[in-house]
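Asks: One structure follows; several queries about it will come next.
The values are calculated or read from the model by the stated rules, or taken from the named source; none is laboratory data. Just so it is clear, the model here is predicted, and its values are computed rather than measured. Virtual Cβ from ideal backbone geometry, glycine too; neighbours counted across all protein chains shown. We work out accessible area using only protein heavy atoms, side chains counted, and drop any ligands, DNA or RNA first. Shrake-Rupley method; radii C 1.70, N 1.55, O 1.52, S 1.80 Å.
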Amino acid sequence: MRYTIPILLLLISGGLYYLLSPPSPLSDDVLSRNLQDKVVLVCGASSGIGEEMVYQLAALQANIVIVARRADRLDEVKKEAVTRGARAVESIVFDFSNVEETGTIIDKVIEKFGRLDYLVANHAAMLSAPFLATPYLQKPDYLLKIFKVNLFSHIELAVKALPYLEKTKGHMFFTSSMGGEVPLYSSGVYVSTKHAMNGFFYSLQQELIAKESPVSLTIGAFGYIQTRELRELAGSLTEKQPDFLKGDLAECSRGMIESYVRRETTMTYPYWGGLLFRALWWFQAAERYHNQIISGMEVSEGGGYDSIVKFSWGMTE
């Protein structure tokens, strides 16, 4: 009897660890077999996660279409992808605030390759600024532009791509954020777009299942991914985050590629940091959660509300 409780606790702990642990990485051979010669569209490919994903896809000998606003950066990414083994690389310069023309991207992919296997909608306008202290954030035209980039263009891509993905039993990946599941101090506009994205695309998952579509869809619930751009813009904040809250760029991109094989509904990364944020929001009073997030950010910046106002930043990919 003296060992019964410890043994039960050990079994429960082991079971929870098994259920909650992230899946084991897939081998290069498995990824190569599934992605070699496939046609992959990567939006938001000129830097950060998208750029790294393109290079990894190139090593797997995929055909890649890369999309972003900056022509010079796309040219550099394209050249590097070719040297790393991509079967073919096409680039499209596009501003995703032009929602009405977003479907032309899919048209160009089909015109060039005749098929589409994997849609990666990774583009976003990222910004961090207190809403009440930032007048331009309160302007309807500005808010609409952010929603066009972060939500409406993603929906348009899905609508236009679905008929072609049905033919190839393809997959879609939409880069969201842990900010799409929990509130985040000083990022109200950004996280509102991500909450809306989650609401729409989780509902779309249900529709795809209901109509027995061969197309699957993954939503990326990402935390702080250590990209060069984010370190430059938000360095002091990201540097002070504990390691388990910070994600590795290459590992994150690898997970997105593995999603084509796994077809999971959600990719949470960094994994344990994501679980922590969900637990803090779900299992304690909202007021306590708010105070923890506020105090954590203000301590990082060495002051109160005014310090967060000075820390405001934004970027678009």
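Asks: Within the set of pairs 6+ apart or on separate chains, which have a first residue in segment 29-42 that is within 15 Å of His171 (Cβ to Cβ), a second that is among the basic types (Lys, Arg), and C-beta atoms under 9 Å apart?
Replies: Leu31/Arg254; Lys38/Arg115; Val39/Lys112; Val39/Arg115
Asks: Further, regarding this structure: Quick check on segment 108-116. Is at least one of its residues part of a loop (DSSP other than H, G, I, E, B) and touching a residue at least 24 places away in the same chain (Cβ under 8 Å)?
Replies: Yes, the conditions are met somewhere in segment 108-116.
Asks: Follow-up. Could you check segment 257-317 for helices (runs of 4 or more DSSP H) lying wholly inside it with 2 or more residues that are at pLDDT 85 or above?
Replies: The helices (runs of 4 or more DSSP H) meeting that bar are 271-282.
Asks: Against the condition open to solvent by 20 Å² or more (accessible area, probe 1.4 Å) and at pLDDT 95 or above, how does Tyr185 come out, does it pass?
Replies: Taking the combined requirement at face value, the residue does not satisfy it.
Asks: Among the residues of segment 60-117, write down those that are open to solvent by less than 40 Å² (accessible area, probe 1.4 Å) and of a type in the set (Asp, Glu).
Replies: The one that is open to solvent by less than 40 Å² (accessible area, probe 1.4 Å) and of a type in the set (Asp, Glu): Asp117.
Asks: Hey, can you tell me all the residues within segment 57-99 that are part of a helix (DSSP H, G or I) and touching a residue at least 40 places away in the same chain (Cβ under 8 Å)?
Replies: Leu57, Val99
Asks: Also: Check segment 37-56 and report whether any residue there is of a type in the set (Val, Ile, Thr), part of a helix (DSSP H, G or I) and farther than 24 Å from Ser176 by Cα.
Replies: Looking for residues that are of a type in the set (Val, Ile, Thr), part of a helix (DSSP H, G or I) and farther than 24 Å from Ser176 by Cα, one finds none in segment 37-56, hence no.
Asks: Any idea which residue in segment 161-184 is farthest from the chain's Cα centre (by Cα), counting only those that are within 15 Å of Val42 (Cα to Cα) and assigned to a helix (DSSP H, G or I)?
Replies: Ranking the candidates gives Leu165 first.
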